[in-house]
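The values are calculated or read from the model by the stated rules, or taken from the named source; none is laboratory data. Because the structure is a prediction, the values reported are computed rather than measured. Here the Cβ is made from the backbone with ideal geometry for all residues, glycine too, and neighbour counts use every protein chain on show. Protein only, heavy atoms only, side chains kept; ligands, DNA and RNA dropped before computing areas. Shrake-Rupley method; radii C 1.70, N 1.55, O 1.52, S 1.80 Å.
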Amino acid sequence: MKIVNNNSKVKEIISNVENKLNNNFGTTLEEATRDELYKAGAGCIRDDIMHLWTKSRKKTEDLGLKKLYYMSAEFLMGRAYSNNLINSGVFRDYKEAFEKMGIDFDDILDEESDPGLGNGGLGRLAACFLDSLSTLNLPAIGCGIRYEYGLFQQKIIDGSQVEVEDDWLRDGFVWEVERPELTMEVRFNGEIRENWTEDGLKIEHYNYHTVLAVPYDVPVMGYKTNAPATLRLWSAKSKQNFDLHSFNEGRYEKASADSEFAEVISKVLYPADDHMQGKLLRLKQFYFLTSATMQLMVKHHKGKRGDLHTLPEYAAVQINDTHPTLAIPELMRILMDEEGFGWEEAEDIVSQIFNYTNHTIMAEALECWDENMFKLLLPRIYQIICVMNQKYCERLRTYYPNDEAKIAYMAIIGNNQIRMANLCVAVCHRVNGVSQLHGDILKTNLFHDSYNIYPQKFLAITNGITHRRWLALANPELCDLIQDNVRGDLLGDYRLFEKIMPMADDAEFCRKYDAIKQRNKRRLAKYLKQKQGIEINPDSLIDVQCKRLHEYKRQLLKCLHIIYLYKQVKKNPDFLSKPITFIFGAKAAPGYQRAKEIIRLINSIGDMVNNDPATKDKMQVVFVENYSVSVAEVLIPAADISEQLSTAGLEASGTGNMKFMMNGALTLGTMDGANVEIFEQVGKENIFIFGATVDEINSMKQYRTYNPGTIFEQNPMIREVCNCLIAGELPRYGKRKYSDIYQSLLFGEHNIPDQYFVLYDLPSYVEEFEKVYDMYINHHDEWVKKAVINTAKSGFFSSDRTIEEYNEKIWNLPTYK
Ligand code: 26V
């Protein structure tokens, strides 16, 4: 092996970058733009990764290793450049090389667009999983859609959210490789004919529309991996680039209709995570993804192994939420209609391959499709689902012979709807929740009746986050401090976090740890000043709630609390002895009016608090624009408090909570999702828990004992805070008050009291916040000790642990050596 000392590595990078500038851009170091410098540097590390990737893919095939297909409608990858450098172990060398060339490396990293091909937790989880799969050398391919426009960029104008398109491909995407030779054809609409021939029944699909699916592959570089994973994103293209025949005959509209039908499919990511909308285009997107993936999987296996009966030995498919469910009937279709398999034979293969992860139990989120729309778009898939449903219901009748109501509830088709979660539960080998609590709720609640029949199908695997991105990249100083105090390689071994437990009692270590937090706060202050022109006090207590905006996540609870504090400080100037900065970051689904109204409220409260001479030096409210992976990387390491306020039972897991914990923020949260496991890891001394538990919430619902009106009447604090929403004292952007929000808190909707129990939990929240504040201000050493314990216990939440568990319990993939 060639031993390269650092200095020569740096020299080599400089020379490679110069060559790239010269050869690819016809420019020089002196003349290059920032974009060219970014692309030249990225191109250098890309060359190394490509080499490894090509070699390991070939070897994986030659060895016949089983492979995972992780199917997801969303992959929220974030920027790749710095991550690839860290995972290749050369970040420092590149930084030094650029500095030697007289270039600020952070500016160069900032050139890269942030591929936002996801809404939130589900998409980010998929990205963390690919990082861990790659790091653990498990053969895997992530399959998704190459949306031309990712999640909208958010601007705040006059206090309100304004959406701007996210043209992330505009300057090109250096990490992808187009694979036109793997193009698949996906068929929509048309009719089905059944022909009896000498060889039996043949299914003929005719009059259909064809759309081409062109894959673009992106290597996913894990930490010191030998086998980078692949992210395969499908892009839709028209088969006839332009129908010249129709055009020549004067039928201009028909000539372009075909290309419009096709290319709109991968145009844009749906930004809604508030409720399921049965939009035709979305159904097209999902079938497009699943059909292309399944066709290629089958073609590949046939090409390599010949016999499709052995497919389950070579492939496992994970369905990330129900969006890719159509892969199941699509594989049935391919096996039966194209490969001549009988129903039972095909079903046997399918039931071994597929597994399903559920990410939410909220009824309005469960994916259903209108039967008539479905039948028109996907006539053959519809027939297959009908037969699956029929057979499934027959089977269920043997378990629940006299209970048609139960069968109707569990059926795949009902009320003219096709229910994707029920389809998954009917067919999949394993069904998992994403935290222990969420897994329990699936068993006792959502899938209760199936659980009674097939208990072995159900399990819980607690989510995780990659500590490469969320510690090494986001918080390099803290990462170094930990690494300096353990033996072994932290980035490759999450178990080492635990080894710093004793350091919680080491004054010198704690001092350094705290100093890093202070520097991260300064870095955030600089960032906010630069990007948004906002000045914050980096010496204040930094309290952060950043996540998608949703009523169940209860940004409103935090708003009410800030109003409460404001009122207290107005009455008593000494109420807060040290200033607090409240930071929010959140995108609202564009059609979710209440969520947008809450953003407006946050900004109104900010205007009131930040401009009032009585409070402006004590508290500040900041709304960070365009919350995204890159913003999270700066925000989370600077936080002292991690706000995790969801109504118990509604947040399946949460993953932001884990990122904060790892970076030494203390959790202030409910007993919900993975907060429960954070509580178990760190112990009750090192977390701040408030609010109703799942059982309490369920009992209030069951016995209808929650009465916000009574709470309002009996509690003067709540009265004062709620009245502020309508009294007109809040600066009113657009002169609208917040009476809708006020009404919803007090009277709920459609005669059902507020489902999120905001007023119920407010007093307990206020009380717990006081403890947090007191600890931070008056017992700071103890605070830092708790933060260190949080970091030390965060190894469990590395996605490496999560992926090990999936592999052990579900996939059984071999490691590539
Ligand atoms: C959709 C909907 C639609 C209706 C109302 C509630 C709701 C909530 C979320 C979504 C988005 C799709 C599911 C999703 O992103 N779930 C998130 O998945 C994360 C990864 O497992 C998990 O940590 C979050 O708790 C979960 O909300």
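Which FRET efficiency value, to the nearest 0.05, is calculated for LYS155 and GLU260 with the Förster distance at 25 angstrom and r the Cβ-Cβ distance? Kindly include the intermediate steps, with their values, before the conclusion.
On the way: r = 29 Å, r/R0 = 1.17.
With R0 = 25 Å, the Cβ-Cβ based efficiency is 0.30.
Can you give me the accessible area per residue for the chain, using a 1.4 Å probe, in Å²? Provide the component values of the computation, followed by the final result.
Working: 32590 Å² over 817 residues.
Heavy-atom accessible area per residue stands at 40 Å².
Taking 60 Å as R0, compute the FRET efficiency from the Cβ-Cβ separation of VAL177 and SER699 and round it to 0.05.
Numbers: r = 56 Å, r/R0 = 0.93.
Step by step, r from the Cβ atoms, then E = 0.60.
If we sort 343-350, 375-382 on the protection proxy, mean other Cβ atoms within 10 Å, highest first, what's the order? Walk me through the numbers on the way to the answer.
Numbers: 343-350: 16.6, 375-382: 19.1.
Listed from highest to lowest mean packing, they are 375-382, 343-350.
Distance between the C-alpha centers of the stretch 699-716 and the stretch 732-788? Whole Å please.
Result: 16 Å between the Cα centres.
Taking only complete DSSP H runs, can you tell me which helices of the chain stretch 30 Å or more along their own long axis by Cα positions and average at least 1.6 on the Kyte-Doolittle scale?
Numbers: long enough: 34-63 (43 Å, -1.00); 280-305 (37 Å, -0.29); 379-399 (31 Å, -0.44); 507-532 (37 Å, -1.62).
Counting only whole DSSP H runs, no helix qualifies.
Mind ranking 603-613, 663-673 by how tightly packed they are, going by the mean number of other C-beta atoms within 10 angstrom, highest first? Write down the numbers at each step before the final one.
Numbers: 603-613: 17.4, 663-673: 25.8.
Most protected by this proxy first, the peptides run 663-673, 603-613.
Between the stretch 555-569 and the stretch 608-684, how many Å separate their Cα centres?
A separation of 16 Å, based on Cα centres.
Within the set LYS659/LYS786; LYS547/LYS596; LYS571/LYS737; LYS587/LYS684; LYS567/LYS684; LYS512/LYS793, which residue pairs have Cα atoms separated by over 21 Å?
Working: LYS659/LYS786 16 Å; LYS547/LYS596 14 Å; LYS571/LYS737 24 Å; LYS587/LYS684 32 Å; LYS567/LYS684 31 Å; LYS512/LYS793 18 Å.
Among LYS659/LYS786; LYS547/LYS596; LYS571/LYS737; LYS587/LYS684; LYS567/LYS684; LYS512/LYS793, the Cα-Cα distance tops 21 Å for LYS571/LYS737; LYS587/LYS684; LYS567/LYS684.
Say the dipole of the stretch 229-332 comes from +1 at the beta carbon of Lys and Arg and -1 at that of Asp and Glu; which of THR322, TRP234, PRO312 then lies farthest toward its positive end?
Towards the positive end, the residue furthest out is PRO312.
State whether the stretch 723-815 is rounded, prolate or oblate according to the following rule on the C-alpha gyration tensor (a ≥ b ≥ c being the square roots of its eigenvalues): a/c under 1.5 gives rounded; otherwise a/b larger than b/c gives prolate, and the remaining case gives oblate.
Details: a/c = 3.07, a/b = 1.58, b/c = 1.94.
Oblate, because a/c is 1.5 or more while a/b does not exceed b/c.
Given Cβ point charges of +1 (Lys, Arg) and -1 (Asp, Glu) and nothing else, what value in debye, to the nearest 20, does the dipole of the chain about its Cα centre take?
So the magnitude is around 480 debye.
Of the options GLY116, GLY89, ASN137, report the single residue whose Cα projects farthest towards the positive end of the charge dipole of the stretch 55-207 (beta-carbon charges: Lys, Arg +1; Asp, Glu -1).
The residue sitting most towards the positive pole is ASN137.
By its C-alpha gyration tensor, with a ≥ b ≥ c as the square roots of the eigenvalues, how is the stretch 1-130 shaped: rounded for a/c under 1.5, else prolate for a/b larger than b/c, else oblate? Walk me through the numbers before you get to the answer.
Details: a/c = 2.19, a/b = 1.42, b/c = 1.54.
Note, shape of the stretch 1-130 comes out oblate.
Relative contact order, percent, of the stretch 252-385 when contacts are C-alpha pairs under 8 Å separated by at least 6 residues? Could the numbers behind the result be given before it?
On the way: 104 pairs, mean separation 40.2, N = 134.
That works out to 30 percent.
For GLU18 and TYR400 in one chain, what is 0.36 nm times their gap in residues minus the Cα-Cα distance, to one decimal in nm?
Difference between extended and current length: 130.3 nm.
Counting only DSSP beta bridges with both residues in the chain, what percent are antiparallel, rounded to the nearest 5?
Numbers: 36 of 82 bridges.
Antiparallel: roughly 45 percent of the beta bridges in the chain.
Under a 1.4 angstrom probe, counting protein chains only, how are LEU136, LEU528 ranked by accessible area, largest first?
Numbers: LEU136 40, LEU528 0 Å².
Final ranking, largest accessible area leading: LEU136, LEU528.
With every protein chain in place, what's the accessible area of ASP107 (1.4 Å probe, Å², nearest 10)?
Number for this one is 50 Å².
With a 1.4 Å probe and all protein chains kept in place, how much accessible area does LYS793 have, in Å² rounded to the nearest 10?
Around 40 Å² of this residue is reachable by solvent.
With the crude spin-label approximation of a point 7 Å out along Cα→Cβ, what separation in nm comes out for HIS750 versus ARG92?
In this crude label model, HIS750 to ARG92 measures out at 6.0 nm.
Starting from the 7 Å offset along Cα-to-Cβ, what nm value, one decimal, do you get for the label separation of ASN226 and ASP574?
For ASN226 paired with ASP574, the spin-label model returns 6.8 nm.
Modelled label-to-label distance, ARG523 and ASP740, 7 Å Cα→beta-carbon offset: nm?
Rounded to a tenth, the inter-label distance reads 3.9 nm.
With a ≥ b ≥ c the root eigenvalues of the C-alpha gyration tensor of the chain, is it rounded (a/c under 1.5), prolate (a/b larger than b/c) or oblate? If you can, show how the numbers build up before the last one.
On the way: a/c = 1.62, a/b = 1.22, b/c = 1.33.
It is oblate, given that a/c is not under 1.5 and a/b is not larger than b/c.
Quick check: residue separation of LYS567 and GLU808 times 0.36 nm, minus the Cα distance between them. What number comes out in nm?
On the way: separation 241, 0.36 × 241 = 86.76 nm, distance 5.37 nm.
Once the chain is fully extended between LYS567 and GLU808, it gains 81.4 nm.
Report relative contact order for the stretch 673-752 in percent, whole number only (criteria: Cα-Cα under 8 Å, sequence separation at least 6).
Numbers: 26 pairs, mean separation 17.2, N = 80.
Contact order relative to length: 22 percent.
Please report, as a whole percent, how much of the solvent-accessible surface of the stretch 157-253 comes from carbon and sulfur atoms (probe radius 1.4 Å). Can you show the working numbers first?
Numbers: 2400 of 5330 Å².
So the carbon and sulfur contribution to the accessible surface is 45 percent.
In the stretch 356-388, which residues have a backbone nitrogen under 14 Å from the label point lying 7 Å from TYR454's Cα in the Cα-to-Cβ direction?
In the stretch 356-388, the label zone of TYR454 (backbone N under 14 Å from the point 7 Å along Cα→Cβ) covers 356-358, 388.
Would you work out which of VAL569, PRO538, LEU759 lies farthest towards the positive end of the dipole of the chain, given +1 charges on the beta-carbon of Lys and Arg and -1 on that of Asp and Glu, about the Cα centre?
Value: PRO538.
Could you tell me the calculated FRET efficiency between LYS59 and GLU339, based on Cβ-Cβ distance and R0 = 30 angstrom, to the nearest 0.05? Walk me through the numbers before you get to the answer.
Details: r = 28 Å, r/R0 = 0.93.
Efficiency at R0 = 30 Å is approximately 0.60.
Once phi is turned into θ = phi - 60°, what whole-Hz ³J(HN,Hα) does the Karplus curve with 6.51, -1.76 and 1.60 give for every residue of the stretch 442-452, x standing for Gly and Pro?
Once rounded to whole Hz, the list reads 4, 5, 8, 10, 4, 10, 3, 5, 6, 4, 4.
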